[in-house]
Each structure stands twice: as C-alpha cells, then as structure tokens.
Amino acid sequence: MIGAERFMRAAPDGYTLAAFNDSVLTMVPNLRKQVAYDPVASFAPISLMVNNSWILVAHPSLPAKDVAELIALAKAKPGVINYSSGGNGSPQHIAMALFESMAGIKLTHVPYKGTTQATLDVMSGQIPMMFSGANAVVNQVRDGKLRGLAVGGLTRSPLQTCASA
C-alpha cells in the first residue's frame, strides 16, 4: 500500500513503472476505510504480467480426499478444523472465508505474518489446510507433500493433473 501511494505521487515521466499484486488493487481498498489511491482511477495499466490460479491444499493426514469430503468433515466438526493464511485480510484468508460461506461450513482461521510460514506449517501437518497461489505449491502437491483438493477458476485448470492420490 505504501509503494502504491508513492507510485501514485510519482511524476508521470514514462520511465516509472510499478507492479502490483491482487491485494493492493482489490483487497486493500475494500478492507481499509482510508486508502490514498483509487485502484482504478489512480493508475494506468499497461500489461498483465502473471495469472495465477488458487488451489485449496491440505496436509495428506487430513482425512478428506476431495472437497465434498472436506465439506462433510467440516459440517460434522464445525469450527474444529484450522486453516492458515498469510494474515488477516490476505488473499488466502478471503478465499477461505468465501469458501466457508459458499459451503455453509465453519473453519478456524490461523493467521500468519506471511504465506511462507503458513505454507510450511501445512506441509508439516501443524495446520491441516490453506488456499495458496498454485505456483507456490504445485511442486509440493506433485511430490505428495500436500494434497490438492480444488483449483479455483472459471475454466478447468491444467493443474488437475498435479493432484496427488
């Protein structure tokens, strides 16, 4: 957010560029009362650099092998199953909150100060699951260190082939 504000105030010299992640342009303005920039009017986009799918991953010890089993397990044990995220209001947190709402389940959020430790704790089994950017965990899913339960998106993802058994 600080970087976006500084960029917004920079002279439009044609040489100063910024790259923003989804949080800066979509989540921050919706989660904070005061933001110094307008995510649409303050910037002139020139290119999409990365498109990343979201994947719901679980430690292999979680009894659920797919989303239907996860929903059934969560309904049988409301509030008992934990999930990690990169922090309150992070994309991982918002994705799981949306999933909870759509599935009619209650999970317990364990916020971290970043996604690295959150992911490591899911890989070690300390926390059962999380949403993650697929590029950050696809190799761990392929190696069986994490179980891919679902990939988000409007179309079928080529990542379906990475799901572990």
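What number of residues within region 94-121 are more than 13 Å from the chain's Cα centre (by Cα), among the hydrophobic types (A, V, I, L, M, F, W, C) and closer than 11 Å to Ser84 by Cβ? Of the residues in region 94-121, 3 are more than 13 Å from the chain's Cα centre (by Cα), among the hydrophobic types (A, V, I, L, M, F, W, C) and closer than 11 Å to Ser84 by Cβ.
Restricting attention to region 122-140, the residues being among the β-branched types (Val, Ile, Thr) and more than 14 Å from the chain's Cα centre (by Cα) number 1.
The number of residues in region 1-36 being over 20 Å from Trp54 (Cα atoms), touching a helix residue (DSSP H, G or I) at 6+ places or on another chain (Cβ under 8 Å) and in a loop (DSSP other than H, G, I, E, B) comes to 5. Considering the conditions (1) over 22 Å from the mean Cα position of the chain (by Cα); (2) outside the structural domain of Thr116 (by TED's automatic domain parsing), Leu31 is excluded by exactly one of them, (1).
Residues in region 105-140 that are in a loop (DSSP other than H, G, I, E, B) and out of contact with any Pro (no Cβ under 6 Å at 6 or more places or on another chain): Ile105, Leu107, Tyr112, Lys113, Gly114, Gly125, Gln126, Ile127, Pro128. If you check Val80, Val67 for being closer than 22 Å to Gly153 by Cβ and of a type in the set (Val, Ile, Thr), only one passes: Val67. In region 137-165, the qualifying residues are those that are modelled with pLDDT of 90 or more and surrounded by fewer than 16 Cβ atoms within 10 Å (Cβ to Cβ), and the one that is nearest to Gly89 (Cα to Cα) is Asn139. Looking across region 79-104, the residues that are surrounded by 14 or more Cβ atoms within 10 Å (Cβ to Cβ), out of contact with any Gly (no Cβ under 9 Å at 6 or more places or on another chain) and in a loop (DSSP other than H, G, I, E, B) come down to Ile81, Gly89.
Of the residues making up region 31-77, those that are within 30 Å of Thr16 (Cα to Cα) and of a type in the set (Asp, Glu) number 1.
For residues that are among the β-branched types (Val, Ile, Thr) and touching a Ser or Thr at 6+ places or on another chain (Cβ under 8 Å), scanning just region 34-90, find the one that is nearest to Gly133 (Cα to Cα). Selected residue: Ile55. Could you please let me know if Val57 is hydrophobic (A, V, I, L, M, F, W, C) and more than 13 Å from the chain's Cα centre (by Cα)? So Val57 fails the test.
The values are calculated or read from the model by the stated rules, or taken from the named source; none is laboratory data. Source: prediction; values computed, not measured. Cβ coordinates were reconstructed from backbone atoms using ideal geometry, including for glycine residues, and neighbour counts include every protein chain displayed.
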